[in-house]
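Working notes, beginning with the structure itself.
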Amino acid sequence: MKYKKRQFYIENVSAERIARKFGTPTYVYSYDKIKNNIYNFKKNFKSINPLICFSVKSNSNLNILSIVNKFGLGADVVSKGELISALKAKIKPEKIVFSGVGKTIDELKFAINKKILLINVESENEIIEIEKIAKKNKKKINIGVRLNPNTDAKTLKKISTGKKENKFGLTEKKFLELLYKYKKSKFINIICLSVHIGSQIMSHIPYKNMLNVVNRIIQKSKFKFKYIDLGGGMGIQYENNSNKLNYAKYNKLIKSFLKKNNSKIIFEPGRSIVGNAGYLISKIIYIKKTNSKNFVILDSAMNDLIRPALYGAKHRIVPSKLNKAKILKKHEFVGPICETTDKFLNVANYQKINQKDIIVICDVGAYGMVLSSNYNLRPKPAEILVNNISTKIITKRQKLINII
Ligand SMILES: *Cc1c(COP(=O)(O)O)cnc(C)c1O
């Protein structure tokens, strides 16, 4: 959080200025924060020299992808649209991996045509389709196979992906079966084992359990994988004083894993690269006072930022201008949408705020704008990139005329 003279700043531009210049609600990203997050991520895993593929689904803005490319990351995509965007941002095909349980034949063909590094398959039927395409094109295609390690990521239930009841990946038995089955295939080359156990993971323990399972299965398979794709999921601090993921411990676990398995590590981080670099600037429309609490009704809503409504996520909401008056009453920040779940945050008390004041919803760089919709026929917000004192519109605010 950066306040200068009691005013909230994103790099060297105040939230007030952004609201005045571009209107609200507006997503704002800090170039510096993205750059530093990438730098830190690289530094944390320097000793294992991984290929880092940014998870495009967390933020697919072309300008953001260009920054990610500029600082040397590849991309993890989950649709043809994301693949096209990654290529458009000049990310090299040999740094792109394609994940997802339901890639269509059209998507597979497109990815194969573009010669991306890996398609991470999640079912036998998907391998069969890839084999057909490979046969037609008379080439051998590199794939990864996603394992479901049945480990608990100890995160929100709705963003866990590595338990056996989740749709993702293959069970140990099926995984091993496919390895043997396709070992001598003329068209399929299994070069990667991939896992991704969930998102917003705050402890290295789930990763430790995951690595233990992966190691055991590799030993059992006697297979040599050129790549081990460990997915993403590194959590960020959404609340003051929350735990931090211990990267040093995770790195150490991977180092000892690599002593037994000589492979290149791939990561697919999304949230940890862009999450804390994004802000949603909003204006207070009304404050509705009741006996038990004050409803602070914002001009942003669940169509702009759905994480609180979708999985009970908490985002700090801070005033753009600090004052010393404290109102000792429960405040509930809500949007104008006609849904009870259109609610951002409850706080025990808050500083004095008024109608038309600007507030800032923090840490919305990942799974924010990408999940926005036109529900209630509301136009999607603008996106602004801040770099030092400069501001640049990277997505124009939608106009009603274009959605009606
Ligand atoms: C969503 C996803 C990621 C990124 O997860 P983060 O929590 O944003 O790091 C990586 N890999 C796969 C396969 C995913 O589905």
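What tally of residues in the stretch 344-361 results from selecting those that are under 15 Å from Arg307 (Cα atoms) and surrounded by fewer than 18 Cβ atoms within 10 Å (Cβ to Cβ)?
Qualifying residue count for the region: 2.
Please tell me if Ile285 is modelled with pLDDT of 95 or more and within 16 Å of the ligand (Cβ to nearest atom).
Taking the combined requirement at face value, the residue does not satisfy it.
Right, Lys139: outside any helix (DSSP H, G or I), surrounded by fewer than 17 Cβ atoms within 10 Å (Cβ to Cβ) and at pLDDT below 95 or not?
yes
With a cut-off of at least 3 residues that are more than 25 Å from the chain's Cα centre (by Cα), surrounded by fewer than 20 Cβ atoms within 10 Å (Cβ to Cβ) and of a type in the set (A, V, I, L, M, F, W, C), name the strands (runs of 3 or more DSSP E) lying wholly within the stretch 1-59.
The strands (runs of 3 or more DSSP E) meeting that bar number zero.
Considering only the stretch 343-363, state which residues are closer than 9 Å to Pro319 by Cβ and outside any loop (DSSP other than H, G, I, E, B).
Of everything in the stretch 343-363, those that are closer than 9 Å to Pro319 by Cβ and outside any loop (DSSP other than H, G, I, E, B) turn out to be Tyr350, Gln351, Ile358, Ile359, Val360.
May I ask you to verify whether Asn243 is on the phi < 0 side of the Ramachandran plot, within 15 Å of the ligand (Cβ to nearest atom) and touching a residue at least 24 places away in the same chain (Cβ under 8 Å)?
Considered against the rule, which asks whether it is on the phi < 0 side of the Ramachandran plot, within 15 Å of the ligand (Cβ to nearest atom) and touching a residue at least 24 places away in the same chain (Cβ under 8 Å), Asn243 comes out as no.
Among the candidates Ile96, Ile10, Ile91, single out the residue that is aliphatic (A, V, I, L, M) and more than 16 Å from the ligand (Cβ to nearest atom).
Values: Ile96 fails: more than 16 Å from the ligand (Cβ to nearest atom); Ile91 fails: more than 16 Å from the ligand (Cβ to nearest atom).
Residue meeting the stated conditions: Ile10.
Which residues, taken from the stretch 60-94, are aliphatic (A, V, I, L, M), without any contact (Cβ under 8 Å) to a residue 40 or more places away in the chain and outside any helix (DSSP H, G or I)?
Ala75, Val77, Val78, Ala89, Ile91
State which residue is farthest from the ligand (Cβ to nearest atom) when the search covers only the stretch 66-88 and only residues that are hydrophobic (A, V, I, L, M, F, W, C) and either closer than 28 Å to Thr171 by Cβ or touching a Lys or Arg at 6+ places or on another chain (Cβ under 8 Å) (or both). Please lay out each step first, then the result.
We begin by selecting, within the stretch 66-88, every residue hydrophobic (A, V, I, L, M, F, W, C); these are 67-68, 71, 73, 75, 77-78, 83-84, 86-87.
Narrowing the set further to residues that are either closer than 28 Å to Thr171 by Cβ or touching a Lys or Arg at 6+ places or on another chain (Cβ under 8 Å) (or both) leaves 67, 71, 73, 75, 77-78, 83, 87.
Working: Ile67: 16, Phe71: 16, Leu73: 12, Ala75: 11, Val77: 10, Val78: 6, Leu83: 14, Leu87: 19 Å.
That would be Leu87.
So, in the stretch 117-136, of the ones that are without any contact (Cβ under 8 Å) to a residue 40 or more places away in the chain and either of a type in the set (Lys, Arg) or within 16 Å of the ligand (Cβ to nearest atom) (or both), which residue ends up surrounded by the fewest Cβ atoms within 10 Å (Cβ to Cβ)?
Checked the stretch 117-136; the qualifying residue surrounded by the fewest Cβ atoms within 10 Å (Cβ to Cβ) is Lys136.
The values are calculated or read from the model by the stated rules, or taken from the named source; none is laboratory data. What you see is a predicted model, and the numbers here were worked out from it, not measured in a lab. Every residue, glycine as well, gets a Cβ built from its backbone with ideal geometry; the counts of neighbours run over all protein chains shown.
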